[in-house]
Amino acid sequence: MKNQFFVALYLIAAIFIMQMSACEEPSPTTIPIISTSSISGITSSSAMCGGSISSDGGATITARGVCYSITNQTPTTADNKTTDGFGAGSFTSNLTGLTANTLYYVRAYTTNSMGTNYGSVVNFTTSLPDIYVAGYEINASGYSVAKYWKNGLAVSLTDGTKNAVALSIVVNNEDVYVAGHEKAFAKYWRNGAAINLTDGIVESIANSIVVNGEDVYTVGYERNPIGNPNAKYWKNGVSTNLLFGTTNANASAIFVSGADIYVAGSGYDGSFTIAKYWKNGTVINLTDGTNPAFATSVFVTGQDVYIAGYEQSNSTGISIAKYWKNGTAISLTNGESNAQATSIFVRGTDVYVAGYESNVVNYNSVAKYWKNGVAVSLTNGTYNAFATSLVLNGTDILVAGAENNASANYVAKYWKNGVAANLTDGTNYAIANSIIVK
């Protein structure tokens with residue numbers, strides 16, 4: 001009887017506890033809790049950040065990422081932001097398309113049904129971009145040394161015991177590729193290590209190089225057994241002839257767009273040299289052979305193909321700088337003095353072309369570039385000068401080339417927004433052929 005009493009008492013207590021528990025209110029839903037990760041991987045145009053969500057506030061995380069600004073010191077999702085998945089835990093954010101040498105304010109954010117919360121603000125400054133220029137300099141023994149300059153510091157690619165020239169440079173991730181030639185060998189260098197493209201039996205030159213994914217493309221020419229140069233390109237060292245036989249031809253520049261390979265160059269038709277380009281090996285003539293003409297550079301954007309070069313008048317002997325857009329020629333000079341277009345770069349609706357034009361006072365060549373046909377002189381014509389390569393980086397216009405000095409030596413240099421930066425001191429003859437910014 002006594003045991004029955006205690007059992008009943010226990011059951012009553014259990015029921016009471018259950019009823020009390022059922023009456024308790026559920027925990028309220030709150031905004032989530034997040035912290036901002038430290039900044040890493042800072043370059044001139046990118047950085048890595050992220051965050052860690054320690055509590056979802058009792059509701060599903062519907063958005064997370066980082067927001068950033070150069071003007072708002074407490075950035076919100078109304079500013080620039082990344083979107084990096086859902087749910088609690090840690091995440092990483094990649095910030096891209098940043099402006100070089102600029103202070104950014106960053107903080108992580110996360111959102112649930114109760115609202116958005118932010119982590120603490122961190123800041124960082126993007127680095128200055130690296131400027132790479134390829135070219136050559138004559139040494140004391142009279143040999144040309146292939147080299148490139150990174151931020152003005154020279155890196156020699158050859159030992160100076162035989163002539164070598166660097167003609168084109170590209171940077172892919174952390175790897176530096178330079179195309180050119182040494183003695184009779186067409187070659188390129190990857191991080192200073194030489195890769196021969198030809199056997200050196202006959203003269204050959206690699207004029208231009210691009211890297212697309214894991215593939216390395218170079219273009220130039222190799223002389224055939226009877227001595228005529230044949231235009232070709234190499235993909236990962238395997239050559240493809242573009243114009244082969246008894247006709248002289250040279251491939252000057254290459255551009256890879258998706259699966260399409262565009263090569264600018266020229267070929268002799270028996271009377272005059274014709275400016276042309278090849279798309280996937282199919283030739284498209286830009287001139288009719290009435291006058292000698294040369295294509296020097298190519299740039300492709302969308303469906304539009306831009307080719308820079310020049311055409312020489314048979315009657316006057318003067319060359320006219322020009323470019324072709326989808327085969328239609330646009331003259332940059334009026335034919336009063338010699339001019340050449342050597343490089344082309346297109347951004348949006350703006351077309352930039354580098355080259356030179358002789359002045360009419362002392363006939364010295366003036367290094368210049370044209371933006372949408374309007375000339376901008378980089379030198380004053382006191383000494384001969386020319387521009388060989390042009391690239392844009394943000395709002396900056398960078399042009400490589402050379403200018404003669406009072407000692408009759410060319411000084412390798414580049415211009416940034418019209419301001420010259422010498423790469424050599426003028427003691428020895430030197431030329432800058434190509435420029436890239438990374």
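The values are calculated or read from the model by the stated rules, or taken from the named source; none is laboratory data. Keep in mind that what you see is a predicted model, and the values were worked out from it rather than measured. With ideal geometry, Cβ positions are generated from the backbone for all residues, glycine too; neighbour counts draw on all protein chains shown.
Among the residues of region 407-416, some residue qualifies, meaning at least one is assigned by TED's automatic domain parsing to the domain that holds residue 156, more than 16 Å from residue 320 (Cα to Cα), exposed (fewer than 15 other Cβ atoms within 10 Å of the Cβ) and out of contact with any strand residue (DSSP E or B) (no Cβ under 8 Å at 6 or more places or on another chain). Filtering region 344-364 to residues that are within 16 Å of residue 334 (Cβ to Cβ) and either part of a strand (DSSP E or B) or under 20 Å from the mean Cα position of the chain (by Cα) (or both) leaves 353, 355, 356, 357, 358. Of note, residue 78 does not satisfy the criterion of being assigned by TED's automatic domain parsing to the domain that holds residue 386 and surrounded by fewer than 15 Cβ atoms within 10 Å (Cβ to Cβ). Scanning region 192-212 turns up one or more residues that are in contact with a strand residue (DSSP E or B) (Cβ under 9 Å, 6 or more places away or on another chain), part of a loop (DSSP other than H, G, I, E, B) and among the polar types (S, T, N, Q).
The residues of region 103-121 that are surrounded by 14 or more Cβ atoms within 10 Å (Cβ to Cβ) and either in the same structural domain as residue 389 (by TED's automatic domain parsing) or not in a strand (DSSP E or B) (or both), listed by number, are 114, 119, 121. Here residue 28 meets each of (1) outside any loop (DSSP other than H, G, I, E, B); (2) not assigned by TED's automatic domain parsing to the domain that holds residue 86 with one exception, condition (1). The residues on offer are 361, 366, 353, and the sole one that is surrounded by fewer than 24 Cβ atoms within 10 Å (Cβ to Cβ) and of a type in the set (A, V, I, L, M, F, W, C) is 361. For region 230-244, a residue qualifies if it is within 24 Å of the chain's Cα centre (by Cα) and of a type in the set (Phe, Trp, Tyr), and the qualifying residues are 233, 234.
Taken over region 330-343, the criterion of being over 26 Å from the mean Cα position of the chain (by Cα) and either under 19 Å from residue 252 (Cβ atoms) or aliphatic (A, V, I, L, M) (or both) is satisfied by 338, 339. Answer with yes or no whether residue 324 is crowded, with 21+ Cβ neighbours inside 10 Å and over 24 Å from residue 356 (Cβ atoms). The answer is no for residue 324. If I filter region 134-154 for residues that are assigned to a strand (DSSP E or B), of a type in the set (Val, Ile, Thr), under 22 Å from residue 42 (Cα atoms) and in contact (Cβ under 8 Å) with a residue 60 or more places away in the chain, do I get at least one hit? Among the residues of region 134-154, not one is assigned to a strand (DSSP E or B), of a type in the set (Val, Ile, Thr), under 22 Å from residue 42 (Cα atoms) and in contact (Cβ under 8 Å) with a residue 60 or more places away in the chain, which makes the answer no. Which residues, counting only those in region 231-255, are under 16 Å from residue 179 (Cα atoms), in contact (Cβ under 8 Å) with a residue 12 or more places away in the chain and assigned to a strand (DSSP E or B)? Result: 231, 232, 233, 234, 235, 239, 250, 251, 252, 253, 254, 255. With respect to (1) in a loop (DSSP other than H, G, I, E, B); (2) more than 16 Å from residue 418 (Cβ to Cβ), the lone exception for residue 379 is condition (2).
Consider residue 431 carefully, then state whether it is touching a Leu at 6+ places or on another chain (Cβ under 8 Å), assigned by TED's automatic domain parsing to the domain that holds residue 177 and in a strand (DSSP E or B). No. Every residue in region 213-232 that is touching a strand residue (DSSP E or B) at 6+ places or on another chain (Cβ under 6 Å) and β-branched (Val, Ile, Thr), please. Across region 213-232, the qualifying residues are 218, 219. Screening 158, 83, 92 for residues that are in a loop (DSSP other than H, G, I, E, B), over 30 Å from residue 205 (Cβ atoms) and either among the polar types (S, T, N, Q) or touching a strand residue (DSSP E or B) at 6+ places or on another chain (Cβ under 7 Å) (or both) leaves exactly one candidate, 83. Number of residues in region 161-177 that are farther than 18 Å from residue 402 by Cα and either in contact (Cβ under 8 Å) with a residue 12 or more places away in the chain or buried (at least 22 other Cβ atoms within 10 Å of the Cβ) (or both) equals 9. For region 228-276, a residue qualifies if it is of a type in the set (Val, Ile, Thr), crowded, with 19+ Cβ neighbours inside 10 Å and over 25 Å from residue 214 (Cβ atoms), and the qualifying residues are 273, 274.
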